[in-house]
Amino acid sequence: MNKSEFIQAVSDKSGLTKKQAEHAVNAYHEVIGDELAAGNKVQLTGFGTFERGQRAAREGRNPHTSEPLMIPATKNARFKQGSKLKDKLNQ
């Protein structure tokens, strides 16, 4: 399912117009992104928790020259499923 199909599904389930559903989905993404960027976690009871994680810097190799190089530390988003979502997936 891509974003436009997701927006259509939200519109169908909620009774919102497609434009309203698009605004809601975009706002949802923006709020989660803003909270994670601020270092906060977003906990949606029953669905799951979004948290900001961090990968440590590490040494890698250039695949073309086999020279060692440092890969810098990065921040990433992590998602842990909630109990209701887990139950739904395992029915």
Open item on the list: Among the residues of the stretch 4-20, are any over 27 Å from K88 (Cα atoms) and basic (K, R)?
Closed with: yes
Task: Among residues of the stretch 13-64, those that are within 18 Å of K3 (Cβ to Cβ) and not in a strand (DSSP E or B), counted - done: 20
- [ ] Kindly list, by first and then second residue, each pair from a residue in the stretch 4-30 that is among the acidic types (D, E) to a residue that is surrounded by 13 or more Cβ atoms within 10 Å (Cβ to Cβ), limited to pairs with Cβ atoms under 6 Å and residues at least 6 apart or on different chains.
- [x] E22/I7
Task: K13 being closer than 22 Å to K84 by Cβ, of a type in the set (D, E, K, R) and more than 12 Å from the chain's Cα centre (by Cα) - done: yes
- [ ] Within the stretch 1-48, track down each residue that is surrounded by 11 or more Cβ atoms within 10 Å (Cβ to Cβ), at negative phi and in contact with a Gly (Cβ under 8 Å, 6 or more places away or on another chain).
- [x] L44, F47
Open item on the list: Out of everything in the stretch 49-91 that is under 21 Å from V31 (Cβ atoms) and among the hydrophobic types (A, V, I, L, M, F, W, C), what residue ends up being surrounded by the most Cβ atoms within 10 Å (Cβ to Cβ)?
Closed with: F50
- [ ] Just name the residue that is nearest to K88 (Cα to Cα) out of those in the stretch 34-78 that are in contact (Cβ under 8 Å) with a residue 24 or more places away in the chain and among the hydrophobic types (A, V, I, L, M, F, W, C).
- [x] F47
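Here, each number is a calculation from the coordinates, and none is a lab measurement. If you're wondering where the values come from, they're calculated on a predicted model, not measured in any experiment. Here Cβ is always computed from backbone atoms with ideal geometry, including for glycine, and neighbour counts include all displayed protein chains.
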